[in-house]
1. With an 8 Å cut-off on Cα pairs and a minimum separation of 6 or more residues, tell me the relative contact order of the chain in percent.
2. How far, in nm, would the chain grow between residue 31 and residue 277 when pulled straight, counting 0.36 nm per residue and subtracting the alpha carbon separation?
3. Once every DSSP H run of n ≥ 4 in the chain is given -39500 (n - 2.57) and the sum is divided by its residues, what mean residue ellipticity at 222 nm do you get, rounded to the nearest 500 deg cm²/dmol?
4. Using the alpha carbon gyration tensor of region 276-330, what are the three equivalent-ellipsoid semi-axes (square root of 5 times each eigenvalue), largest first, in whole Å?
5. Note the per residue figure in Å³ for the convex hull of the C-alpha positions in region 1-132.
6. Which value, in Å² rounded to 10, gives the accessible area of residue 224 with a 1.4 Å probe and all protein chains present?
7. Please identify every one of the GluC sites (Glu not before Pro) in region 305-362 that sits in a loop by DSSP and has no more than 12 other beta carbons within 10 Å of its own beta carbon.
8. Output wanted: per-residue J couplings in Hz (rounded whole) for region 120-136, from phi through Karplus 6.51 cos²θ - 1.76 cosθ + 1.60, θ = phi - 60°, x for Gly and Pro.
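The values are calculated or read from the model by the stated rules, or taken from the named source; none is laboratory data. The structure presented is a predicted model; accordingly, all values stated were derived computationally and were not measured. Ideal geometry is used to build each Cβ from the backbone, glycine not excepted, and the neighbour counts take in all protein chains shown. Each accessible area value is taken on the protein alone, full model and side chains, heavy atoms only, with ligands, DNA and RNA left out. Shrake-Rupley method; radii C 1.70, N 1.55, O 1.52, S 1.80 Å.
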Amino acid sequence: MAYFQTRATPGRHFLQIPGPSNVPDRVLRALDNPTMDHRGPDFGVMGASILGKVKKIFQTESNVIIFPASGTGAWEAALVNTLSPNDRVLMCETGWFASLWREMAERLNIRPEFLKGDWRRGAEPEAIEAYLRADKGHEIKAVCVVHNETSTGCTSRIAEVRAAINAAGHPALLLVDTISGLASMDFRHDEWGVDVTVSGSQKGLMLPPGLSFNAVSAKAIAASKTAKLTRSFWDWGPMIASNATGYFPYTPATNMLYALDTALDMIFEEGLDNVFARHDRMAEATRRAVRAWGMEIQCQEPRHYSSVLTAVRLPEGHSANGLRAAIVEKFNMSLGNGLGQLNDRVFRIGHLGDIGELQLMGTLTGIEMGLRIAGIPHKPEGVRAAMDYLSGNA
């Protein structure tokens, strides 16, 4: 049974949402291996190898903790290991997922203070610095920022956020969500001074959903020693202790770890810098297509453009959900929906993970045909603009 289809459709489904991303055949084959004894000697060797490899993706020498969970679990782990009830934290409204992280903080009895945003750019370092300078008593314990806001296609410049915290002379921890940015865009946990990096398996790592990650600094580990929020499953302590020998304190997602091992090998074979450059190229081609259609990109600040996805605003009076429905019905291709205040206002094109020029051109062709079928005003020049760019003839 083709679980994602309500009717038989020839050809392969184009999954062009901003995650979960397409899982390469090589990774699917790794998932299909027999499950091994997670207490046996072979697992310890494999676990140690994977834990070493994954540090290179985060560009860190610190611990990276792997949980069997979605990215939401990694959000919670980041908060409960570093904070105490009623702690004040500074968060930035960059879109839907930043808003959800704030809601989680509230449910955990943390006091988030939200820097308002317009969902059309990333976090503003200048505003963060000003807010922290006003906190004379250093009551704010952490700054939480989404690196790549999947709902809007806007990124936050994390190195500049860290510089702003330092310029304010503030001791707050820096917690960063790069669930959709990791392994697609440059991210440097150590160099950028991040204390906790949150990520998940189903985006740039090209895996199914099911693994989540916390990369943690020494400062974050020190904070976890005095943090008072209740934690058990999410506790870093037992994980770090067991991981030292390649094992986990409870049953790990063994076959997902096989898949992670293979995906990491694929990334390193291509070269991490080459992976970033490929995503940059796919993103630029997509933006050129959008502009050539005569449409508006949701992200208004070019230096905040995402290389993972492009959110496209439709002209007033036209339904993004209607367009998406027409495209999946006619061409068997899924595009991302608008979230929150952007529902039915934008559609999102995912161009991340296991994607090359031909897959992207197929995606843009399907959109251009869909725009015609849906009767949405546009110039039929987007595919040509992307093709010219990717072929070096722009």
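1. 23
2. Working: separation 246, 0.36 × 246 = 88.56 nm, distance 2.78 nm.
Contour length minus Cα-Cα distance gives 85.8 nm.
3. Values: 13 runs with 161 residues, N = 394.
When only DSSP H runs of four or more count, the value is -13000 deg cm²/dmol.
4. Calculated on Cα positions only, the semi-axes equal 22, 14, 9 Å.
5. Numbers: hull volume 28.0 nm³, N = 132.
For region 1-132, the hull spanned by Cα atoms encloses 212 Å³ per residue.
6. 10
7. On the way: sites: 316, 329, 357; in loops: 316.
Passing sites in region 305-362 are 316.
8. 10, 7, x, 5, 9, x, 4, 5, 5, 4, 4, 5, 6, 4, 6, 8, 5
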